[in-house]
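S.K.: Below: one structure in structure tokens.
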């Protein structure tokens with residue numbers, strides 16, 4: 001799918017490493033703007049922790065609000081790394097090359113952000129120590145390791161560990177290139193990180209094998225993580241609308257829909273900031289747009305099934321919940337907005353080749369998808385909790401405070417800032433992948449595959 005533009009070995013190194021050895025003003029301006037958002041996030045979170053959860057809109061019975069919605073959303077975004085890197089690497093899709101590492105880095109920072117949300121949601125984050133070191137022995141109160149909520153950090157930490165390993169293994173050849181171009185303490189740091197890489201045929205053989213094995217091993221984790229997140233809902237049988245059997249695949253395919261859209265947005269931003277027009281091309285966006293159209297349609301199919309199951313069961317509580325989501329304000333307006341932004345606007349647009357190859361339209365449509373997918377998570381959580389109990393003393397209203405809104409918006413700044421700061425130390429487009437596709441001639445045979453034998457810089 002790559003356009004027929006041959007790039008020299010030295011040009012690839014110069015272009016893709018330029019941001020590491022020097023950055024343009026636009027890069028620092030964007031980083032400064034994002035840093036202000038992260039600062040606002042830190043101030044709001046600190047104020048809430050010091051003051052208490054009373055500054056939020058959380059109440060009975062809506063104990064989950066913006067924070068848990070954001071947690072589920074960022075866990076979903078993290079699935080982009082596996083979808084675009086592991087699966088496409090195994091299928092040897094040529095157009096994957098510029099997108100794989102950006103997708104993997106989005107995965108890592110999304111998982112970090114997702115892990116922060118439940119900790120912030122507790123209001124007393126230092127109490128997490130109690131899970132690792134129960135200190136109140138006299139009352140015999142111990143962490144409930146059988147709780148479904150304990151499965152989340154276990155699965156996410158496993159996914160995060162594997163994702164970091166996945167990124168690091170793929171980075172080793174590129175780290176060696178940076179090492180050879182560096183001096184002083186920077187050279188010592190990159191020498192340690194590159195693990196003595198010299199580009200021998202044996203090293204490339206091991207590199208190829210490690211990439212394939214890690215890609216295959218991470219796939220079950222990819223499926224299980226968001227399935228386990230769906231168990232948080234399906235295990236709460238007292239909340240109507242949360243325990244359909246289709247929740248696990250519905251959450252997984254929705255995560256891929258939002259995650260791949262987020263990666264496309266990030267790729268376009270990187271193309272603009274670092275002038276990577278020769279590497280992130282309309283052909284790549286065209287292929288990603290086709291993938292998104294298929295994934296989005298699959299997600300809508302599961303959404304329709306999940307919604308119809310609740311109506312077909314003809315249970316009064318389920319019917320009441322669906323009525324609330326559709327006809328009660330502001331939930332009805334949010335529901336319409338979610339359907340338009342999540343499916344009915346972007347997916348038909350991606351059917352047009354001119355839209356898929358347009359940087360502007362792909363930015364608009366992919367941002368639209370993630371607005372819709374965030375609203376979808378919100379509409380699952382809050383209306384369901386509102387109808388949990390019909391008691392006279394239940395407040396039954398949830399209105400997010402400015403503190404919650406600031407924290408949620410700050411997480412978007414946090415992820416984007418993390419990606420851009422990573423680009424200051426490591427290449428966000430894999431050098432060896434681009435070279436393998438364009439200029440490398442020396443090859444060795446590993447099974448039925450052909451892999452490059454060595455890097456030679458001009």
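S.K.: If you go through segment 5-14 one residue at a time, do you hit one that is more than 29 Å from residue 224 (Cβ to Cβ) and modelled with pLDDT of 80 or more?
M.R.: Taking every residue of segment 5-14 in turn, none turns out to be more than 29 Å from residue 224 (Cβ to Cβ) and modelled with pLDDT of 80 or more.
S.K.: Looking only at segment 225-254, filter to residues that are crowded, with 18+ Cβ neighbours inside 10 Å and closer than 17 Å to residue 315 by Cα; which one of those is modelled with the highest pLDDT?
M.R.: This residue is 242.
S.K.: Another question, if that's okay. Of all residues in segment 165-181, how many are surrounded by 17 or more Cβ atoms within 10 Å (Cβ to Cβ) and over 23 Å from residue 109 (Cβ atoms)?
M.R.: Step one: of segment 165-181, the residues surrounded by 17 or more Cβ atoms within 10 Å (Cβ to Cβ) are 166-167, 170-179.
Retained after the next criterion (residues that are over 23 Å from residue 109 (Cβ atoms)): 176-177, 179.
Residues flagged as surrounded by 17 or more Cβ atoms within 10 Å (Cβ to Cβ) and over 23 Å from residue 109 (Cβ atoms) within segment 165-181 amount to 3.
S.K.: Out of all the residues in segment 170-180, which are under 13 Å from residue 426 (Cα atoms) and touching a residue at least 24 places away in the same chain (Cβ under 8 Å)? Write out each step before concluding.
M.R.: Let us first name the residues in segment 170-180 that are under 13 Å from residue 426 (Cα atoms), namely 170-179.
Those that are under 13 Å from residue 426 (Cα atoms) and touching a residue at least 24 places away in the same chain (Cβ under 8 Å): 170, 171, 172, 173, 174, 175, 176, 177, 178.
S.K.: Can I ask one more? Can you tell me which residue among 405, 380 is surrounded by 15 or more Cβ atoms within 10 Å (Cβ to Cβ) and either more than 21 Å from residue 304 (Cα to Cα) or at pLDDT below 90 (or both)? If you could, list the steps in order and put the result at the bottom.
M.R.: Details: 405 fails: surrounded by 15 or more Cβ atoms within 10 Å (Cβ to Cβ).
Residue meeting the stated conditions: 380.
S.K.: Also: I'd like the full set of residues that are buried (at least 18 other Cβ atoms within 10 Å of the Cβ) and more than 28 Å from residue 259 (Cα to Cα), limited to segment 28-52.
M.R.: 48
S.K.: Give just the number: which of (1) in contact (Cβ under 8 Å) with a residue 24 or more places away in the chain; (2) more than 16 Å from the chain's Cα centre (by Cα); (3) over 20 Å from residue 97 (Cβ atoms); (4) outside any loop (DSSP other than H, G, I, E, B) does residue 209 not satisfy?
M.R.: Of everything listed in (1) in contact (Cβ under 8 Å) with a residue 24 or more places away in the chain; (2) more than 16 Å from the chain's Cα centre (by Cα); (3) over 20 Å from residue 97 (Cβ atoms); (4) outside any loop (DSSP other than H, G, I, E, B), residue 209 misses just condition (3).
S.K.: Hey, which of the helices (runs of 4 or more DSSP H) in segment 290-367, taking only ones fully inside, have at least 1 residues that are under 25 Å from residue 270 (Cα atoms)? First the steps, then the outcome.
M.R.: On the way: elements: 316-327, 331-339, 346-350, 353-356.
Because the criterion is at least 1 residues that are under 25 Å from residue 270 (Cα atoms), the helices (runs of 4 or more DSSP H) in segment 290-367 that meet it are 346-350, 353-356.
S.K.: Out of segment 53-82, which residues are assigned to a loop (DSSP other than H, G, I, E, B) and surrounded by fewer than 20 Cβ atoms within 10 Å (Cβ to Cβ)? Even if it seems obvious, please write down each step before you answer.
M.R.: Taking segment 53-82 first, the residues assigned to a loop (DSSP other than H, G, I, E, B) are 56-65, 78-79.
57, 59, 60, 61, 63 - these are the residues of segment 53-82 that are assigned to a loop (DSSP other than H, G, I, E, B) and surrounded by fewer than 20 Cβ atoms within 10 Å (Cβ to Cβ).
S.K.: Can you name every residue in segment 288-305 that is closer than 22 Å to residue 97 by Cα and touching a residue at least 12 places away in the same chain (Cβ under 8 Å)? Break it down stepwise before answering.
M.R.: Restricting attention to segment 288-305, the residues satisfying the condition of being closer than 22 Å to residue 97 by Cα are 288-295.
Result: 288, 289, 290, 291, 292, 293, 295.
S.K.: Taking segment 408-435 on its own, how many of its residues are farther than 12 Å from residue 98 by Cα and either at pLDDT below 85 or surrounded by fewer than 17 Cβ atoms within 10 Å (Cβ to Cβ) (or both)?
M.R.: At the first step, the residues of segment 408-435 found to be farther than 12 Å from residue 98 by Cα are 408-426.
Among the residues that remain, those that are also either at pLDDT below 85 or surrounded by fewer than 17 Cβ atoms within 10 Å (Cβ to Cβ) (or both) are: 409, 421, 424-425.
Of the residues in that region, 4 qualify.
S.K.: Return the residue satisfying two criteria in turn: it lies in segment 15-27 and is loosely packed, with under 13 Cβ neighbours inside 10 Å and part of a helix (DSSP H, G or I), and of such residues it is modelled with the lowest pLDDT.
M.R.: Per the stated criteria, the residue is 21.
S.K.: Failed condition for residue 225, given (1) under 30 Å from residue 308 (Cα atoms); (2) over 27 Å from the mean Cα position of the chain (by Cα), with all others met?
M.R.: (2)
S.K.: I would also like to ask the following. Taking the criterion of being part of a helix (DSSP H, G or I) and either within 29 Å of residue 21 (Cα to Cα) or out of contact with any helix residue (DSSP H, G or I) (no Cβ under 7 Å at 6 or more places or on another chain) (or both), would at least one residue in segment 220-228 satisfy it? Please lay out each step first, then the result.
M.R.: Just the residues of segment 220-228 that are part of a helix (DSSP H, G or I), to begin with: 220-228.
Adding the requirement that they be either within 29 Å of residue 21 (Cα to Cα) or out of contact with any helix residue (DSSP H, G or I) (no Cβ under 7 Å at 6 or more places or on another chain) (or both) leaves 220.
For segment 220-228, residues part of a helix (DSSP H, G or I) and either within 29 Å of residue 21 (Cα to Cα) or out of contact with any helix residue (DSSP H, G or I) (no Cβ under 7 Å at 6 or more places or on another chain) (or both): present.
S.K.: Right, another one. Taking the condition in contact (Cβ under 8 Å) with a residue 60 or more places away in the chain and either within 28 Å of residue 426 (Cα to Cα) or assigned to a helix (DSSP H, G or I) (or both), does residue 239 pass?
M.R.: Working: in contact (Cβ under 8 Å) with a residue 60 or more places away in the chain: yes; either within 28 Å of residue 426 (Cα to Cα) or assigned to a helix (DSSP H, G or I) (or both): no.
No.
S.K.: Assigned to a helix (DSSP H, G or I), within 24 Å of residue 230 (Cα to Cα), in contact (Cβ under 8 Å) with a residue 60 or more places away in the chain and over 22 Å from the mean Cα position of the chain (by Cα): does that describe residue 376? Give the steps one after another, and end with the answer.
M.R.: Values: assigned to a helix (DSSP H, G or I): yes; within 24 Å of residue 230 (Cα to Cα): yes; in contact (Cβ under 8 Å) with a residue 60 or more places away in the chain: yes; over 22 Å from the mean Cα position of the chain (by Cα): no.
Spelling it out, it is not the case that residue 376 is assigned to a helix (DSSP H, G or I), within 24 Å of residue 230 (Cα to Cα), in contact (Cβ under 8 Å) with a residue 60 or more places away in the chain and over 22 Å from the mean Cα position of the chain (by Cα).
S.K.: Being within 23 Å of the chain's Cα centre (by Cα) and either farther than 20 Å from residue 262 by Cβ or at pLDDT 90 or above (or both) narrows it down to one residue among 331, 395, 350; which is it? Outline the logic, then answer.
M.R.: Details: 331 fails: within 23 Å of the chain's Cα centre (by Cα); 395 fails: within 23 Å of the chain's Cα centre (by Cα).
Step by step, each of 331, 395, 350 is checked, and only 350 is within 23 Å of the chain's Cα centre (by Cα) and either farther than 20 Å from residue 262 by Cβ or at pLDDT 90 or above (or both).
S.K.: Going by what's in this entry, would residue 278 be described as within 24 Å of residue 27 (Cβ to Cβ), modelled with pLDDT under 85 and either in a helix (DSSP H, G or I) or over 21 Å from the mean Cα position of the chain (by Cα) (or both)? Show your work before the answer.
M.R.: Working: within 24 Å of residue 27 (Cβ to Cβ): yes; modelled with pLDDT under 85: yes; either in a helix (DSSP H, G or I) or over 21 Å from the mean Cα position of the chain (by Cα) (or both): yes.
In short, yes.
S.K.: List, please: which pairs have Cβ atoms under 7 Å, are six or more places apart or on different chains, and start with a residue in segment 276-287 that is farther than 23 Å from residue 14 by Cβ and end with one that is modelled with pLDDT under 85 and in a helix (DSSP H, G or I)?
M.R.: Qualifying pairs under 7 Å: 287/95.
S.K.: Among the residues that make up segment 83-104, is at least one of them over 30 Å from residue 211 (Cα atoms), modelled with pLDDT of 85 or more and in a helix (DSSP H, G or I)?
M.R.: Residues of segment 83-104 over 30 Å from residue 211 (Cα atoms): none.
The answer is no, given that none of the residues of segment 83-104 is over 30 Å from residue 211 (Cα atoms), modelled with pLDDT of 85 or more and in a helix (DSSP H, G or I).
S.K.: Quickly run through segment 347-370 and pick out the residues that are surrounded by 18 or more Cβ atoms within 10 Å (Cβ to Cβ) and farther than 17 Å from residue 73 by Cβ. Spell out how you get there, then give the answer.
M.R.: At the first step, the residues of segment 347-370 found to be surrounded by 18 or more Cβ atoms within 10 Å (Cβ to Cβ) are 347, 349-350, 355-356, 358, 361-362, 365-366, 368-370.
Passing the criteria: 347, 349, 350, 355, 356, 358, 361, 362, 365.
S.K.: Then there is this: Consider segment 314-332. How many of its residues are in contact with a helix residue (DSSP H, G or I) (Cβ under 7 Å, 6 or more places away or on another chain) and in contact (Cβ under 8 Å) with a residue 40 or more places away in the chain?
M.R.: 6
The values are calculated or read from the model by the stated rules, or taken from the named source; none is laboratory data. Keep in mind that what you see is a predicted model, and the values were worked out from it rather than measured. Cβ atoms come from the backbone with ideal geometry, glycine included; neighbour counts cover every protein chain shown.
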